[in-house]
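To start, the structure under review is shown below, and the notes come after it.
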Amino acid sequence: MSTTTDGRARGRARTRTATSGRTRAPERKRTPDGTRPAPERTSAPQRRPASRAPRMPFVLLVLGLLGGAMISLLTLRTVLIEDAFAITELEQEYRDLSHQEEALREDVIALEAPDRIASEAEAMGMEPGDAPLFIDLRTGTVNGDPEAGTP
């Protein structure tokens, strides 16, 4: 009769006879005087260390967050630089328009000068008008010299 060991039993090895298929408990060791030895005592049952969470998903998450932050920073920096160029361009345009406005104001002041208006009027053939006359409404009299403006 041969025996085999079945390792699937709960932590203990069970033996099985080849002919019957029944299992029986393994033989226990006995001391030389025929008594059973005292069971061995261990100080404390060994505990399995607490299982750690897998590190790879955490590392990938952190790398993904860092990569996303870097891409966000680069995008933000690009937008800010683009806006800075637009601002510089607008400031230059504002300066040019301010200079143009100042030149136009100077032209208007020169064109409004009384001497220039009088010289252009004479060039067109206009003559200076007579001295103005005023009417006093209470008395109905005309004030001023009607002959003062004639040549």
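The values are calculated or read from the model by the stated rules, or taken from the named source; none is laboratory data. Since we're looking at a predicted model, the values are computed, not measured. All Cβ positions, even for glycine, are placed from backbone atoms using ideal geometry, and neighbour counts span all protein chains on display.
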Taking the criterion of being free of Cβ contacts under 8 Å to residues at least 40 places away in the same chain and within 26 Å of D145 (Cα to Cα), would at least one residue in segment 92-99 satisfy it? no
Looking for something surrounded by 10 or more Cβ atoms within 10 Å (Cβ to Cβ), modelled with pLDDT under 95 and out of contact with any Phe, Trp or Tyr (no Cβ under 7 Å at 6 or more places or on another chain) - is there at least one such residue anywhere in segment 69-80? no
Restricting to segment 105-141, name every residue that is aliphatic (A, V, I, L, M) and either part of a loop (DSSP other than H, G, I, E, B) or exposed (fewer than 10 other Cβ atoms within 10 Å of the Cβ) (or both). V108, I109, A110, A113, A123, M124, M126, A131, L133, L137
From the list E122, E93, E102, which one is modelled with pLDDT under 95 and not small (G, A, S)? E122
